[in-house]
Amino acid sequence: MLKTPYYLVDKSKLLQNLEKIAYVREHSGAKSLLALKCFATWSVFDLMSQYMDGTTSSSLYEVKLGYQKFGGETHAYSVAYADDEIDEVIATSDKIIFNTINQLERFDSQSANAIRGLRVNPLVSTSEFIIADPARPYSRLGEWDPARIETALDKISGFMFHNNCENADFDRFDEMLTLIENKFGHLIEKMSWISLGGGIHFTGEGYPLDKFCARLKLFSERFGVQVYLEPGEAAITKSTTLEVTVLDTLYNGKHLAIVDSSIEAHMLDLLIYREDARMSPCEGEHRFQICGKSCLAGDIFGEFNFDKPLVAGDRISIEDAGGYTMVKKNWFNGVKMPSIAVKQLDGSVELVREFGYEDFVGNLS
Ligand SMILES: *Cc1c(COP(=O)(O)O)cnc(C)c1O
């Protein structure tokens, strides 16, 4: 048995998402690029790259990673590029998407031979959290004024819209795409490709995939554009667990169990969005609050039921721990960083990366 803590990426579970992604490409013509900001665990790119068309990125380092480790089409996007990054970004990507017309103009000569696009902010979104809402008031994420965008059309051949966020509701997606068509259609028809971004949970159970494909196809045909999707969470949802061990228990009016991990260090989004971790449902009557081992008082994974009282040494598996976790892990409290393991399609488990004290030291100076 591997030593905890470790993230376990299960390729057979990943495959269920990837097959849906391939289905969408086949039935809609839309290509899918993995959003590396959500998941950049390159040990499983061998499998993912067979079902997806490439990657999209948020920075120079991500675009390089996609180019070197994933292959296929490599889209570069960043909220803002620095002068000393731009040449390398262009050298390692097939398309560069600028966040503003200002950046497009600033890097006009360096990028003149590249395929260029612009991020457009339709000012509608699905996020329930202001912190994750690209259409929040005064958002810096993309140009929003059709008249201003029109002035840049001779420099670009595509737009990127990213306004969905954890959106599992097809009708809402459809409604927002219609708004985009109505507001920007006269500009879209002059483009040759459109990325609709990420945040569409089309790999989830019960999602009307055929309606989704038909809608994408209609959009693509109406405007004569190649459609791209940029799934992050949807590509890897439910593929990964965080495996931990109980180190101690105590009773403080509630039964508590402290594990060899930390939400702040290893599943930071739970803390940011004040959500509970997920565990496979258990009807057992022993309820425990699962706590992290950092000194943050609120380092709590949540409360769950178990078949028997937890004791030190018990293992616990935290579900759906693939997205926005490994890419955000940190060395807070010097907590041991989880290893990364992969469950191959034949069921064998392979430890692909371990982190130690040297990594902790090397991260600072
Ligand atoms: C975050 C992001 C994605 C991926 O979003 P998910 O919700 O993980 O699917 C895709 N494209 C852009 C531009 C993003 O900012």
**Message:** For segment 127-140, check the following and say yes or no: at least one residue is outside any helix (DSSP H, G or I), in contact with a strand residue (DSSP E or B) (Cβ under 7 Å, 6 or more places away or on another chain) and surrounded by fewer than 20 Cβ atoms within 10 Å (Cβ to Cβ).
**Reply:** no
Checked segment 326-340 for anything polar (S, T, N, Q) and assigned to a loop (DSSP other than H, G, I, E, B); matches are N330
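Is it true that S280 is of a type in the set (S, T, N, Q), open to solvent by 50 Å² or more (accessible area, probe 1.4 Å) and within 30 Å of H201 (Cβ to Cβ)?
Judged against the criteria, S280 is a match.
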Taking first residues from segment 1-26 that are within 26 Å of S220 (Cβ to Cβ) and assigned to a loop (DSSP other than H, G, I, E, B) and second residues anywhere that are of a type in the set (S, T, N, Q) and open to solvent by 10 Å² or more (accessible area, probe 1.4 Å), the pairs with Cβ under 7 Å that are 6 or more apart or on different chains are none
task: Say whether the condition of being surrounded by fewer than 20 Cβ atoms within 10 Å (Cβ to Cβ), more than 15 Å from the ligand (Cβ to nearest atom) and touching a residue at least 12 places away in the same chain (Cβ under 8 Å) is met by at least one residue in segment 115-122.
output: yes
Of the residues in segment 130-169, those that are away from the ligand (no atom under 15 Å from the Cβ) and either under 18 Å from A234 (Cα atoms) or touching a residue at least 40 places away in the same chain (Cβ under 8 Å) (or both) number 8
Practice prompt. Would you mind stating whether K69 is more than 16 Å from the ligand (Cβ to nearest atom), among the charged types (D, E, K, R) and in a helix (DSSP H, G or I)?
Written response: yes
(message) Yes or no: segment 144-155 includes at least one residue that is open to solvent by less than 60 Å² (accessible area, probe 1.4 Å), closer than 16 Å to G197 by Cα and in a loop (DSSP other than H, G, I, E, B).
(response) no
> If you check I340 against the conditions, is it more than 24 Å from the chain's Cα centre (by Cα) and either open to solvent by less than 30 Å² (accessible area, probe 1.4 Å) or closer than 23 Å to C38 by Cα (or both)?
Replying inline: no
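Give F173, F202, F212 a once-over and let me know the one that is at pLDDT 95 or above, buried (at least 17 other Cβ atoms within 10 Å of the Cβ) and farther than 17 Å from R25 by Cα.
Details: F202 fails: farther than 17 Å from R25 by Cα; F212 fails: farther than 17 Å from R25 by Cα.
Result of the check over F173, F202, F212: F173.
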C213 vs (1) in contact with a His (Cβ under 8 Å, 6 or more places away or on another chain); (2) within 16 Å of the ligand (Cβ to nearest atom): all pass except (2)
Do we find a residue being among the acidic types (D, E) and open to solvent by 40 Å² or more (accessible area, probe 1.4 Å) anywhere in segment 309-318? no
When restricted to T249, T245, T241, the only residue more than 15 Å from the ligand (Cβ to nearest atom), surrounded by 22 or more Cβ atoms within 10 Å (Cβ to Cβ) and under 16 Å from I290 (Cβ atoms) is T241
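Rundown of residues vs (1) within 14 Å of the ligand (Cβ to nearest atom); (2) open to solvent by 10 Å² or more (accessible area, probe 1.4 Å); (3) of a type in the set (D, E, K, R); (4) at pLDDT below 95, yes/no style:
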| residue | (1), (2), (3), (4) |
| --- | --- |
| Y23 | no, yes, no, no |
| L33 | yes, no, no, no |
| L36 | yes, no, no, no |
| F39 | yes, no, no, no |
| D46 | no, yes, yes, no |
| T55 | yes, no, no, no |
| S58 | yes, yes, no, no |
Residues in segment 74-119 that are within 20 Å of the chain's Cα centre (by Cα) and either modelled with pLDDT under 95 or assigned to a loop (DSSP other than H, G, I, E, B) (or both) total 4
Reported set for segment 191-210 where residues are within 12 Å of the ligand (Cβ to nearest atom), of a type in the set (A, V, I, L, M) and over 12 Å from I21 (Cβ atoms) is L196
Of (1) open to solvent by 10 Å² or more (accessible area, probe 1.4 Å); (2) in a strand (DSSP E or B), G323 fails just (2)
Per the filter on segment 278-331, residues more than 16 Å from the ligand (Cβ to nearest atom), out of contact with any helix residue (DSSP H, G or I) (no Cβ under 6 Å at 6 or more places or on another chain) and among the hydroxyl-bearing types (S, T, Y) are S280, S317
Being under 27 Å from A235 (Cβ atoms), surrounded by 12 or more Cβ atoms within 10 Å (Cβ to Cβ), at pLDDT 95 or above and of a type in the set (D, E) narrows E303, E354 down to just E354
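The values are calculated or read from the model by the stated rules, or taken from the named source; none is laboratory data. Every value quoted in this text rests on a predicted model; they were computed, and no experiment measured them. Glycine also receives a Cβ, built like all others from the backbone with ideal geometry; neighbour counts cover every protein chain displayed. What goes into the accessible areas is simple: the full protein's heavy atoms, side chains included, and nothing from ligands, DNA or RNA. Shrake-Rupley method; radii C 1.70, N 1.55, O 1.52, S 1.80 Å.
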